[in-house]
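First up is the structure itself, then whatever we jot down about it.
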Amino acid sequence: MTVALVIYPAFDLVGEARWVSYHHHQVRRIAWAVGPAWLSQAVGLVWWWRCDHFRFTTSWLSCAVFAVAAVLLTVFRAVQLHDRLTTHFDAGTTRQLRVAHWWRTACWIAAALAATVATWRR
């Protein structure tokens with residue numbers, strides 16, 4: 001939500017003269033924010049699977065599918081869009097990036113809901 005509501009909208013405020021250095025800095029630093037969250041999600045899924053005696057329950061599969069979908073959207077859509085922004089600012093590309101991010105956010109929320117449902121069932 002921070003990326004959707006703060007970081008991506010701020011792209012429009014940077015200005016062409018500072019864009020390349022700003023974008024480079026943002027891409028390099030965001031990995032430190034996203035990486036631990038993705039790692040904890042992956043570890044949590046493995047731990048959950050193990051605690052369920054290595055069974056693929058509906059809730060677990062739902063959570064895993066949405067988590068993987070978010071990663072795939074990042075790797076195959078958001079990264080490509082960020083690559084287009086490395087040399088110059090383009091408002092159309094940043095709009096596409098925001099749309100891709102909302103899809104990723106929907107996947108993360110769906111994964112969290114699947115995990116929450118599974119927790120309630122226990």
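Does residue 92 qualify as being assigned to a helix (DSSP H, G or I) and under 18 Å from residue 121 (Cβ atoms)? No; evaluated as a whole, the condition is false for this residue.
This table checks each residue for (1) surrounded by fewer than 15 Cβ atoms within 10 Å (Cβ to Cβ); (2) touching a helix residue (DSSP H, G or I) at 6+ places or on another chain (Cβ under 9 Å); (3) under 16 Å from residue 112 (Cβ atoms).
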site: 35; (1), (2), (3): yes, no, no
site: 49; (1), (2), (3): no, yes, no
site: 52; (1), (2), (3): yes, yes, no
site: 60; (1), (2), (3): no, yes, yes
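Checked against (1) more than 23 Å from residue 9 (Cβ to Cβ); (2) over 13 Å from the mean Cα position of the chain (by Cα); (3) not aliphatic (A, V, I, L, M), residue 88 passes all but condition (1).
Any read-out appearing in this document is the output of simple, stated calculations on the displayed coordinates, not a laboratory observation. Values in this document were obtained by computation on a predicted structure and should not be read as measured data. So basically every Cβ, Gly included, is an ideal-geometry build from the backbone, and we count neighbours across all protein chains shown.
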